[in-house]
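The values are calculated or read from the model by the stated rules, or taken from the named source; none is laboratory data. These numbers come from a predicted model, not from an experiment. Backbone-built Cβ (ideal geometry, glycine too); neighbour counts: all protein chains shown. Quick note on the areas: whole protein, heavy atoms, side chains included, nothing else; ligands and nucleic acids left out. Shrake-Rupley method; radii C 1.70, N 1.55, O 1.52, S 1.80 Å.
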Amino acid sequence: MDYVSLLRNWHSKLEDVFTNLGNARAGFPVFALEHGLDRNELATLFDHVGSEIRRAGIDGRWNCYSLPAIVAATEVGYEYRGTGTDYWPLLEERLGAGISSSGRETLGDLFRNAHRRLGLKKPVDSAWTRTFRHIAWPIANAVAPREIQRPLAAALRQVVRFAPAGRRDSDFAEDLRYIARGSASSRFREWAEDQEITRTLIHHLLELPDPDSRLAAATVARLVGDLEADAEARSSVRSAISIHRQRRRATRTVSGPHGIATFALRPEDEGAYALFLRFPTIQQPFRNQIETALANHPGGLFLWGCVGPVSADLVLSGLYVRIESKAFADALIEGHAFLGISGDDEPDPLTDLSPNQALPMVFRRVPSGNTLAQIDETRILPDDRLVILTDRTPPLGDGLVEKAPVCGFSCIEVDLRANAARSFAERLGIRVPGRPVAEFVGGVFLAEGWRGPIYAAGFPLILKPAGAGESTVSVSVSKEDPVQVGPGEAVLLDLMEGEHAIRLVAGSQTSDALITILDAEPLPAAFDARPEPAEPTLDDLLAGRLVVRIFAPESVVGVSATLSLLADGYVLAHSHAVIPDLPCVLHGAHHLISALAEQVSGLDLPRDRQFRLQLKLGQYWSRSWVAGWSPRSCEWLADDGTWRAFADDAPLQIFPVPFEHPLANPDSCEEFESGKGFSLLVPFADATELTADGRIVGPSRLDLAQIHCDIPFALPRFVQANQEGVGLARLLDRYVGWTVAMTDNSITAAAGRIAASGIETALVRMLCGERWSREEARTEFLPGSRFRGLARTAWDKGLAKGDDLPALRNEQIPGLINLLADEIESCWKTEWNRPGDIVSDDFAEHMDTAVINAYEAFGAGLPESEREQFEDVDTWREPEAWLRALEKVQEMQVGTSLARMILPARRASRLQAADYYRFAPDEVVRLLDECHADLQSRNTPRWLSREHLQLAFWLWTAPAQVVSTKGWRQALVRLVDDRPTSRAVRYAALRFRASRGVNVAGQ
């Protein structure tokens, strides 16, 4: 088969498609995904491209028929989910052909040539596109690849939800880019940097007109269809659409005694319609007021900011004023005022003429004449033929005819005699008389969705049928049996999350509705402000990464705002602005943030200080957040045993802490020459020790005779070091430093463990007391689970070995103990957790059986020549012996002597009874919090919060987590004042470490 000829035909067909798209785009790019091929055509194209690549590879000859390969690569890019490293294997699999390195280069060149000739989309310049310069082309031409669709939908919902009322839809792309920067998806972050395609896709996802026609209709339908197929993305997009419509929808205007202006439609050539505005005939004395008001507009009126100028004569004449502005739809959707804002204290009487501008606009033909007059829903008849102007995209169906757009609106002729047309009208909120309609009472309303209302889960709804007069209405929900509801009656609905189809039948009339139940999100306070990131730094402020979201329960205009940087209550810098509308999102480019950043950049602020960012709205309301500098990252360089530390290419000072004196606070130096001893090197910057970046250096061989740490036995209970001792703060720094420091080999790692263990003992004495420390030294906790402990004890006590049982070699004993632990766990009864409730004979019988099963299971895994002695195992041991073994295990497991020293007794009881082997770390912290007895009274803030308990638990189990937490030093020194809690946390940590077989914190 001549595949070259076939590919030339494909190329010619695709070239015509892309050329026509480019000619209609006025400079906007064309996407290879807009090829317009159906599934069968794509399958054939892939076959032809793959066959030619298998025959001759990809080289310069493909310039004559490049577009089929470009489309194939783009299709794989659309479906691709990954970071970039595994794109080529997927493309090769789809084509059934390998692509060499030179072939990949050639494919990139084909894209570049198509960009120059046909205007195909060029990737934006970013770190990712520079790293993956070849596959960036097919990814960019995939418009919105599948991988980013779910985060895109979620971000769009967030943008619409928090956008201020005056925010233009064209600005949503910029808001989305800032939100994307906090996304977990790196691909989505990169995609959102392309504002051109972001803006285009937002228009289509919100079902707004795309004034520049930047995407082919078939491609839009494909993208929307794929989003709809993802339940999570579908929910987010529908929510965004409904929130956008609710927020932008103009309120209906009530007619006064003088009447209001009205809209009208008139048919034109080829079935199109033109939109007109007609002012009412105005009588005295109101006419005098209008004439006076018109005198203030000598140049004529500009209505909604885009219609006009309209002369005073036209306003007073009652004649039709034609509206031709294509921006009119956007003006109404975005809630532009009829006359704008005059700034006068006295209301302009002209605003009383404002027409009913709620969407959809409904028109019916006037009996005499060729005009269609605007009507409201109370005047709609069951068999009406209407024309509707809406911001929604009409579906296909009987009784629906889409006409040419009118001033940016979709224009649809609707014949209410057809079921599809009636359903569409009802979804637009137009009630068709004579048909039953579902009205909902109660519940928590979230939004009006595209297909029906959205309510919060967990709140029952009352459905009241309306519009059926005195008829009984049959109500069915989803596929459940219908319920008959009489006049004035209602149905209580308690629905699960998801979509629910509701059908109402009254006589021969039927109507369908769709209701969506979603998890309700927590509502913000009356006013609230939240920074992003949640713990902002001065680096975020200076780099333009700081975002502040201001929440408000309703629109508030003209709010005075001040953003300040404070230290110890003093204002170091501040900026001021008037925010036009709340709620809103303040990005790094907003004057309030950028002006403060400019002032801060000129200050020489120390890096070891804590500052506060304060946002003040009006005179009284304010919020503030801690904002320090981000910790510097440290790099170590070694040159012939001489160590240096750098941050941002600048040298750092080093504290060399000797192993022999691990609590020392030596003088700093810029370089350290390692010798025969071990040292902890702690980098130092801006008056702060960079504990997390410490490093242990020393010889690669260990002389045990020289290993000794000089740690004082008695240490005073002070926070800071003084003449009497090093203090708690130094102990914490050095304990964490020796524990988390980087090491070069197993010898330096061992030195770190020895130093950390010695300091840990000193810390325990200071926080928990000398008596606790002595008792802890005598206590041996059971390693692993109670089942493994009982199996080990049974072996040691002769309960699982003896003359009546097969003999084992030393290397076989651990395997048998593991099997015995599994057998004990499988037969364990809950009541055996309480030794006083155990029936000894029953317990011993189960334990003997576990021993027998363990030996038989062990024998089954041996060679056939060794199995015989394991095939008929039998044993019996005294029940009291098994009970004594269990009691020993219980004692080793719970550390009874330590548990008795925990106060109050209720806390001790709960901590003692917990099964740490089955607990995750968070569950241990939750237990500590639930049984916590705080120093402070109930009417005051806790001395030790859950966050303090979390850090204290990490101190003994995961020190690396401690140093990655801001403010850990200040938080942990509070333990020195609460010895009962220090003991409780230490006990829980010892039990947790023993259950994991860990002896040294973090090791």
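Which pairs break 28 Å Cα to Cα here: 403/479; 403/464; 801/888; 801/829; 13/122?
On the way: 403/479 37 Å; 403/464 36 Å; 801/888 18 Å; 801/829 24 Å; 13/122 22 Å.
Long pairs (Cα-Cα over 28 Å): 403/479; 403/464.
Ignoring ligands, DNA and RNA, please state the percent of accessible area on segment 3-141 from carbon and sulfur, probe 1.4 Å.
On the way: 3010 of 6140 Å².
It is 49 percent, rounded to a whole number.
Quick check: convex hull over the Cα atoms of segment 786-893, volume per residue in Å³, rounded to an integer? Numbers along the way, then the final one.
Values: hull volume 9.9 nm³, N = 108.
Taking the convex hull of the Cα positions in segment 786-893, it is 91 Å³ per residue.
For segment 942-956, putting each phi into the Karplus relation 6.51 cos²θ - 1.76 cosθ + 1.60 with θ = phi - 60° gives couplings of 5, 5, 10, 7, 4, 5, 5, 5, 4, 5, 5, 5, 5, 3, 8 Hz, in residue order, rounded to whole numbers and with x for Gly and Pro.
In terms of the mean number of neighbouring beta-carbon atoms within 10 Å, the peptides 677-685, 313-321, 192-200 order highest first as 677-685, 192-200, 313-321. For segment 776-791, putting each phi into the Karplus relation 6.51 cos²θ - 1.76 cosθ + 1.60 with θ = phi - 60° gives couplings of 5, 5, 8, 8, 10, 7, 6, x, x, 7, 5, 6, 5, x, 5, 5 Hz, in residue order, rounded to whole numbers and with x for Gly and Pro. Ignoring ligands, DNA and RNA, what percent of the accessible area of segment 811-880 is carbon or sulfur (1.4 Å)? The C+S portion of the solvent-accessible surface of segment 811-880 is 45 percent. Sorted largest first by accessible area at a 1.4 angstrom probe radius, with every protein chain in place, the residues 273, 80 fall in the order 273, 80.
For segment 946-995, just say rounded, prolate or oblate: build the C-alpha gyration tensor, square-root its eigenvalues into a ≥ b ≥ c, call rounded for a/c under 1.5, and beyond that prolate if a/b exceeds b/c, oblate if not. It is oblate, given that a/c is not under 1.5 and a/b is not larger than b/c.
Karplus-based coupling profile of segment 738-747, in residue order and whole Hz: 5, 7, 9, 4, 5, 10, 9, 7, 5, 6, with θ = phi - 60° in 6.51 cos²θ - 1.76 cosθ + 1.60 and x standing for Gly or Pro.
Heavy-atom accessible surface of segment 786-893, averaged per residue, reaches 54 Å², computed with a 1.4 Å probe.
In the full protein context, segment 635-768 carries 47 Å² of accessible surface per residue, based on a 1.4 Å probe and ignoring ligands, DNA and RNA.
Kirkwood radius, segment 708-802, all distinct C-alpha pairs, inverse of mean reciprocal distance: 16.0 Å. Rolling a 1.4 Å probe over the protein heavy atoms of segment 895-996, with every protein chain left in place, gives an accessible area that is 51 percent carbon and sulfur. I'd like the distance between the alpha-carbon centres of segment 286-330 and segment 775-827, rounded to an integer number of Å. Each part's Cα centre sits 94 Å from the other's. Of the residues 927, 962, 899, the one whose Cα sits farthest toward the positive end of the charge dipole of segment 895-996, with +1 on the Cβ of Lys and Arg and -1 on the Cβ of Asp and Glu, is 899. Annotation: amide H of residue 628 within the under-5 Å range of 538, 611, sequence separation 5 or more or interchain, hydrogens built in the peptide plane. Based on the Stokes-Einstein relation at 25 °C and a viscosity of 0.890 mPa s, and on the Kirkwood radius from alpha carbon pairs, segment 895-996 is assigned a translational diffusion coefficient of 178 µm²/s.
Could you state the per residue volume, in Å³, of the convex hull enclosing the Cα atoms of segment 261-335?
It comes to 103 Å³ per residue, whole-number rounded.
For segment 528-627, the calculated P(r) over all alpha carbon pairs, in 5 Å bins from 0 to the bin holding the longest distance, is 3, 13, 27, 28, 17, 9, 3, 1, 0 percent.
Taking N as the number of residues in segment 635-768, what is its alpha-carbon radius of gyration divided by 2.2 N^0.38 Å? Show your work: numbers first, answer last.
Numbers: Rg = 14.6 Å, N = 134, 2.2 N^0.38 = 14.1 Å.
Normalised Cα radius of gyration, segment 635-768: 1.03.
Largest first and in whole Å, the equivalent-ellipsoid semi-axes of segment 3-141 read 20, 19, 14, each the square root of five times a Cα gyration tensor eigenvalue.
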